Amino acid sequence: MARLRKGKSKSENIIARDNAIMIKTTREPYNFVAESGTGEFVYDVDGRKFIDFSSFISVYNFGVNSSEAVRKAIAEQSSKLMHSAFTDFYAERPVHFAESLMKFMPAGFGRIFFSNSGTEANEAALKFSKLFTKRNYVLAFYGGFHGRTKGSLALTASKSVQRAYNGPFPDVIHVPFPYCYRCPLKQTYPDCGFACIDYIKKYPLSKEVDPNEVAALVTEPIQGEGGYIVPPKDYFKELKKVLDEHGILMVSDEVQAGYMRTGKFLAMDNFGVKADIYTMAKSIGAGLPLGVTIVDKRLGNIPEGAHANTFGGNLAVIAGAQAQLEHISRNKARIESEIRAKGRTAMKRMEKMKEDYEIVGDVRGMGMMLAIEIVKDKIGKEPAPKLRERIMMESFANGLIMLPTGESAIRIIPPLTISEHSLSKGFDILERAIAKINAESSRRR
Ligand SMILES: Cc1ncc(COP(=O)(O)O)c(C=O)c1O
């Protein structure tokens, strides 16, 4: 696998040029400069080969650089017409894609808006919720991540640096998420009886705002950037009862957890709850930028001119998305059972690591949306971001690409199409790194 060369490499050269000209973003600590990729493998500009446990931030659910069929569909549409100003003029392709997508949605869903990213999909959901309910306030969760433009940034409460100097955000009230490994209310599930839901009723919804002024609650089914936090099975059912009592809409942000990642098309389906609005992006575009906001038909429509954009429904993007969706449509049962099987294999490995290594505090996830939380030790549970970084660097040096999440967790989100062999090989690399850092850390304890 990956081998570092001596001297100034192509990667180092490009990174130096990048640092000199690009506005800073969230770059990972390791020097990965992508060149090409296919399936679960990626190659950098220095010819090093890696197993991908990142899906390039949850975008390549169906293999790095998507399938031949997706690339062909994009190429064919591109040679005819790429952009058709879909919110001004009409075109058949995006309508057909909308009709196809609706078959994956719960009964009653029937209206859709196309954009270019997760943040825009959430901006639209926010705007629509307020227009539908004629209410101004919105609830969102601490630890939630919904994007980085003004409206979605107001919902995001993942890291304060993301919001710095952009507030105030007066319309959003944040509430605690059921992060049971580190309960914000210091309770233990299930004895707590969902104290965090009682808190929402007792405080924000009675002391801060009248529930009749709240348009929506926006949530991820599983918090992504927040640390891959999976709520207890019945949490959303209980929460939805409170929302329904007051006519507050539920927006399920499926940008990271959706599109089969958890083994179901919609991650919220794992909790037996039907939201009122769903947003998707990342993987649904099959490698090209696509955001979608899908609305329960009973909510009606918004006034003409209230919302639109330039590129939503771009024909080349939609062509690729359609080809990938058709693949899922034809093979859904097989895909679901493969995700379940691989998810089980992965979880077994992770559970064993939790048993074997003091610095593995928690392992969690659903389907193939998995994470390992690194701590200083199991009893203190103190987050250990430095140890996490060293595990990721060590894994990278040995040919495995991963992403961090939350304060000290590592995501394990390979393409869903990864072979059992590569999955196991990737875990071997990860486990060797954890064992090494665990030994170093225990010598220091
Ligand atoms: C759950 C969730 N919502 C929204 C977004 C924002 O998506 P984008 O970066 O495409 O704007 C992300 C991105 O990580 C996400 O994970």
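The values are calculated or read from the model by the stated rules, or taken from the named source; none is laboratory data. Fair warning: this is a prediction, and the values are worked out from it, not measured in the lab. No Cβ is skipped: glycine too gets one built from the backbone with ideal geometry, and neighbour counts run over all protein chains shown.
Odds and ends about this structure:
- Tabulated pairs, the stretch 131-146, first within 15 Å of GLN223 (Cα to Cα), second in a helix (DSSP H, G or I) and modelled with pLDDT of 95 or more, C-beta under 6 angstrom, 6+ apart or interchain: ALA140/LEU155; HIS146/ASN122; HIS146/SER152; HIS146/LEU155
- Complete set of residues in the stretch 54-89 that are hydroxyl-bearing (Ser, Thr, Tyr), more than 16 Å from the ligand (Cβ to nearest atom) and out of contact with any Gly (no Cβ under 8 Å at 6 or more places or on another chain): SER67, SER78, SER79
- Residue list for the stretch 370-386, restricted to those being more than 22 Å from the chain's Cα centre (by Cα) and free of Cβ contacts under 8 Å to residues at least 24 places away in the same chain: LYS378, ILE379, GLY380, GLU382, LYS386
- Residue match in the stretch 231-248 (condition: in a strand (DSSP E or B), over 21 Å from the mean Cα position of the chain (by Cα), more than 16 Å from the ligand (Cβ to nearest atom) and crowded, with 24+ Cβ neighbours inside 10 Å): no
- In the stretch 272-283, the residues that are surrounded by 24 or more Cβ atoms within 10 Å (Cβ to Cβ) and more than 16 Å from LEU217 (Cα to Cα): MET280, ALA281, LYS282, SER283
- Any pair with Cβ under 6 angstrom, 6 or more apart, that starts in the stretch 418-437 at a residue that is within 12 Å of MET392 (Cα to Cα) and ends at one that is among the polar types (S, T, N, Q): ILE429/SER395; ILE429/ASN398; LEU430/SER395; ALA433/SER395
- Against the numbered list (1) of a type in the set (Gly, Ala, Ser); (2) touching a helix residue (DSSP H, G or I) at 6+ places or on another chain (Cβ under 7 Å); (3) more than 17 Å from LEU290 (Cα to Cα), SER58 comes up short only at (3).
- Just so you know, in the stretch 209-226 the residues that are in a loop (DSSP other than H, G, I, E, B) and within 12 Å of the ligand (Cβ to nearest atom) include one that is surrounded by the most Cβ atoms within 10 Å (Cβ to Cβ), and it is GLY224.
- Annotation note: Cβ proximity below 6 Å between a residue of the stretch 238-258 that is more than 25 Å from LEU416 (Cα to Cα) and a residue that is in a loop (DSSP other than H, G, I, E, B) and within 16 Å of the ligand (Cβ to nearest atom) (sequence gap 6+ or interchain) occurs for MET250/ALA275.
- Residues that are away from the ligand (no atom under 12 Å from the Cβ) and either surrounded by 23 or more Cβ atoms within 10 Å (Cβ to Cβ) or outside the structural domain of VAL175 (by TED's automatic domain parsing) (or both) within the stretch 139-164 comprise LEU139, ALA154, listed in sequence order.
Residue by residue, here is whether (1) within 15 Å of the ligand (Cβ to nearest atom); (2) closer than 27 Å to ALA73 by Cβ; (3) assigned to a helix (DSSP H, G or I); (4) in contact with a Cys (Cβ under 7 Å, 6 or more places away or on another chain) holds:
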site: GLN256; (1), (2), (3), (4): yes, yes, no, no
site: THR262; (1), (2), (3), (4): yes, yes, no, no
site: PHE265; (1), (2), (3), (4): no, yes, no, no
site: ALA275; (1), (2), (3), (4): yes, no, no, no
site: ASN301; (1), (2), (3), (4): no, no, no, no
site: GLY305; (1), (2), (3), (4): no, no, no, no
site: ALA308; (1), (2), (3), (4): no, yes, no, no
site: GLY312; (1), (2), (3), (4): yes, yes, no, no
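- The set of residues from the stretch 393-410 being more than 27 Å from MET268 (Cβ to Cβ) and crowded, with 24+ Cβ neighbours inside 10 Å comprises SER395, LEU400, ILE401.
- All positions within the stretch 87-98 that are loosely packed, with under 14 Cβ neighbours inside 10 Å and in a loop (DSSP other than H, G, I, E, B): ASP88, PHE89, TYR90
- Matching entry among LYS332, LYS342, LYS381 (being on the phi > 0 side of the Ramachandran plot and either at pLDDT 95 or above or not in a strand (DSSP E or B) (or both)): LYS381
- The set of residues in the stretch 106-134 being over 18 Å from ALA275 (Cα atoms), more than 11 Å from the ligand (Cβ to nearest atom) and buried (at least 19 other Cβ atoms within 10 Å of the Cβ) consists of PHE114 alone.
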